[in-house]
Structure formats: C-alpha cells, structure tokens
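I have placed the structure first, in the form of structure tokens, so that the comments after it can refer back to it.
The values are calculated or read from the model by the stated rules, or taken from the named source; none is laboratory data. What you see is a predicted model, and the numbers here were worked out from it, not measured in a lab. FYI the Cβ positions are ideal-geometry reconstructions off the backbone, even for glycines, and counts take in every protein chain you see.
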Amino acid sequence: MSNREKYKRAFQSLHAPNNDWLEAVNMDMNRKHERFSFSRRAAVAVMVAVLLVGSLTAAYATDLGGVRQMITMWFHGQATDATVEVYTGEDGGVDVEFVGDDGGEGSPAPASYVVTWTDENGEEHQMMGGGVAMEPDGTERPLTMDEYLEDLSGSPAEMLEVNDDGRVTLYWYDIAEDITDRFEDGVCRLTLTHGDETLYFTVMDAGDGAYNVSAAADGYVD
Amino acid sequence: MRQSVSHLAERWGDSLYRAAFAVCRNPQDAEDVVQETLLAYYRSDKEFEGEEHIRAWLIRVAVNKAKNATICFWRRNRRSLEDYMDALTFEDGGDRELMDAVLRLPEKYRVAIHLFYYEDYSVREIAQILDTGEGTVKSRLSRARKLLKAQLTEEWDDEQS
C-alpha cells in the first residue's frame with residue numbers, strides 16, 4: 001500500500017460529527033443583525049480573533065521583529081494601558097511561541113498580535129489573537145497593525161474569564177457579571193447596558209473550559 | 001459558476017473538515033471552520049470557473065480559517081485532541097499512528113502534506129492555494145516526509161522529494 005493510500009485511509013476515519021454546521025449556516029444566512037463573538041468577530045469584511053489567556057505566564061519570542069504600540073483597553077472592567085505587538089515572520093508567519101501553565105504550547109498564525117498589560121496587582125497578563133481581512137474575491141490577507149488598533153481600541157473589550165474555581169465572569173466596559181449560575185442547558189443570556197449602548201449577550205458553554213460568546217445590539221443570537 | 005451551499009456542504013463538507021482538522025487539530029474548531037467557510041462562500045460574490053475552482057477556493061479559505069483557529073483555541077486543542085482520537089474508529093492499527101505522526105508535524109508541513117496526500121493536489125496547485133512558491137511547497141513536503149519517516153519507520157515508504 002502506498003503512502004498516499006495509507007494517508008487517505010487514516011484520514012477517512014474523520015467525519016464531520018453531524019450536519020449541525022450546515023443548519024448553523026442556514027441560520028446565519030437568515031440572520032439580519034450583526035453578530036460578533038470574542039473568539040471570532042464577524043464584520044462585513046474583517047474577521048479578528050481574540051482570546052484572553054490570563055493564565056499564560058511564560059512567553060518568549062525569537063526575532064520578534066514586530067511593531068509595538070501603546071493602547072488603552074478595558075480589562076477586567078478597568079481602562080488600562082496596554083502594549084500591542086504585531087508579529088511577522090517567514091511567509092508572514094510568527095516567530096513567537098507561548099508556553100501556558102499547563103505546559104501547552106502555542107505558535108500563533110500569521111500576523112498575530114499580542115496584547116500585554118499589567119493588572120492592579122502588578123501581575124502581567126497577555127492576550128493574543130489574530131485575524132484576516134477577506135478581500136472581495138474571497139482571498140484573505142493578514143490584518144495590519146492599524147487595523148488591529150482600530151478594532152482593539154474601538155472595542156469595549158468584552159471578555160470572559162474563568163477563574164481557578166470555575167467561576168465565569170463576563171466583563172464589558174466597567175461591568176463585571178458573574179454568570180456562573182445563569183446557564184440553562186449550557187447557554188446563558190443576559191442584557192447589559194453601558195451609557196446609551198445595550199448589548200444582548202449569549203454565552204455558550206462549549207466544554208473543556210471553552211465558551212463561545214456572541215453579542216448583538218438588537219437581540220440575542222440564537 | 002455558482003453552486004448552492006447545501007450542495008457544497010454535502011459534496012465537500014467532510015473534505016473541508018479533514019483539511020481543517022489537519023491544521024487546527026480540534027474537532028470543534030474544525031466544525032466551526034467548515035461552517036465559516038461555507039458562510040464565506042455564501043457571502044462572496046465571486047464567480048467560479050468550475051467545481052474544481054470552487055473546491056480549491058473552499059480549501060484555501062478553510063485552511064486560512066483553521067490557522068486562525070489555532071490562535072483562538074490553542075489551549076482547548078491541547079486538552080481534547082487525545083480524547084477525540086481515542087473515540088475515532090480506525091480501519092487499521094497503523095492508521096492512528098500515521099494520523100498522530102501527521103498531527104505532530106509543524107503546521108505548515110501538515111497543510112502541505114494533507115493537500116498533497118489526501119486532496120491529491122500537485123505542488124503547483126498547493127502553491128497556488130497557499131499563495132506561496134512551488135519551491136517552498138517542495139521543501140515543506142520533503143521535510144515533512146523525512147519527519148514522518150523518522151516517526152513511522154517501515155510504515156512510511158521513502159519517496160522522491
């Protein structure tokens with residue numbers, strides 16, 4: 001048996017678990033309002049991925065070669081000065097690796113950014129993410145520093161945090177809501193208002209300590 | 001040429017899922033990638049020359065989105081991969097070993113290897129999909145094969161690079 005035949009046989013063991021995603025596509029096609037999430041912000045032309053990795057304690061980089069700028073963002077309900085770095089490397093990739101508390105390693109995809117800030121206790125935290133802009137012809141390109149800054153600074157920096165005790169807190173501007181006990185069938189829905197702005201949040205427990213958070217100005221995202 | 005999303009989902013859903021999984025190594029993220037890829041197609045006004053053109057575009061978008069997913073959920077990836085692999089049914093005992101070996105490759109090697117061996121794309125086609133040079137693809141394939149050979153020994157045949 002050739003390598004190709006062996007490879008195909010091995011990967012044919014993989015099947016999309018079900019067709020729920022097709023149903024989700026159909027739902028999204030019919031959705032009228034804008035939707036965004038913490039992990040994937042879907043706008044008309046730009047998608048940005050953001051993940052809070054508050055427990056990430058060790059980060060090291062080789063040949064950073066990045067662009068660094070200061071920015072003010074909302075973290076844990078407080079306006080905080082932070083540093084944003086955008087990295088590029090081979091093929092637009094990233095020469096940076098992270099090691100988490102659990103020993104897990106992550107090497108971000110092309111043109112990622114890392115936001116670093118220090119909390120009120122002097123502890124340093126980092127958040128990394130990345131994104132692409134989708135061109136009209138469907139091709140994608142890494143976002144630029146200016147685009148990241150526009151997105152990050154224009155964002156109220158909504159965040160979800162799961163602490164060591166498993167308590168789940170949703171932050172939005174200076175609002176901190178403990179939503180741990182507000183989940184029904186794995187979904188928590190809540191409405192928050194800041195000034196004249198109201199958002200309807202839908203937080204879904206994705207298992208393994210992961211949560212998908214969506215928000216919309218005109219109602220809950222199904 | 002345009003085709004319905006439902007047709008593409010049925011025709012290429014598993015293929016996109018496998019490509020996405022080969023990149024992001026997480027079943028939930030791979031599912032998300034398939035969904036977002038189909039959405040991207042739906043939202044795009046792009047006209048295609050034929051089904052193969054659509055397939056290559058979908059693969060390209062899926063690979064890019066899967067790379068993005070590795071940023072978003074890398075902690076989750078570490079936790080669930082082994083459990084997921086345990087739940088798969090492999091036809092042959094060596095199949096899991098092969099998949100394990102592939103998934104341990106660096107991301108850029110995994111992408112090239114998967115497109116070459118599973119999707120049957122040529123070096124030139126992979127270069128176009130990944131928007132990189134043919135030399136880069138050849139180099140990645142060559143290095144990936146050496147790494148697979150080192151891990152799989154007699155289960156992986158030597159090939160011309």
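General observations
- For segment A:153-184, the candidate set comprises residues that are modelled with pLDDT under 75 and in a helix (DSSP H, G or I); within that set, the residue that is nearest to A:T202 (Cα to Cα) is A:G154.
- Scanning segment B:31-82 for residues that are modelled with pLDDT of 85 or more and among the basic types (K, R), we see that the one that is nearest to B:S6 (Cα to Cα) is B:R55.
- One residue alone among B:L103, B:L98, B:L130, B:L141 is among the hydrophobic types (A, V, I, L, M, F, W, C) and either modelled with pLDDT under 90 or in the same structural domain as B:R60 (by TED's automatic domain parsing) (or both), and that residue is B:L130.
- Only listed residue being under 19 Å from the mean Cα position of the chain (by Cα) and either part of a helix (DSSP H, G or I) or crowded, with 20+ Cβ neighbours inside 10 Å (or both), chosen from B:S15, B:S6: B:S15
- Residue that is modelled with the highest pLDDT [pool: residues in segment A:185-216 that are small (G, A, S) and more than 19 Å from the chain's Cα centre (by Cα)]: A:G186
- Boolean, B:A56 is more than 7 Å from chain A (Cβ to nearest Cβ), within 22 Å of A:M204 (Cβ to Cβ) and within 18 Å of the chain's Cα centre (by Cα): no
- Selected residue (criterion: farthest from the other protein chains (Cβ to nearest Cβ)) from residues of segment B:119-138 that are under 18 Å from B:E107 (Cβ atoms) and either among the aliphatic types (A, V, I, L, M) or exposed (fewer than 15 other Cβ atoms within 10 Å of the Cβ) (or both): B:I126
- Looking only at segment B:23-53, and only at residues there that are under 16 Å from the mean Cα position of the chain (by Cα) and within 7 Å of chain A (Cβ to nearest Cβ), the one that is surrounded by the most Cβ atoms within 10 Å (Cβ to Cβ): B:V34
- The condition of being farther than 26 Å from A:Y7 by Cα and either assigned by TED's automatic domain parsing to the domain that holds B:M99 or out of contact with any strand residue (DSSP E or B) (no Cβ under 8 Å at 6 or more places or on another chain) (or both) holds for only one of B:S6, B:S15, that being B:S6.
- Condition met for B:A62 (more than 8 Å from chain A (Cβ to nearest Cβ), surrounded by fewer than 24 Cβ atoms within 10 Å (Cβ to Cβ) and touching a residue at least 40 places away in the same chain (Cβ under 8 Å)): no
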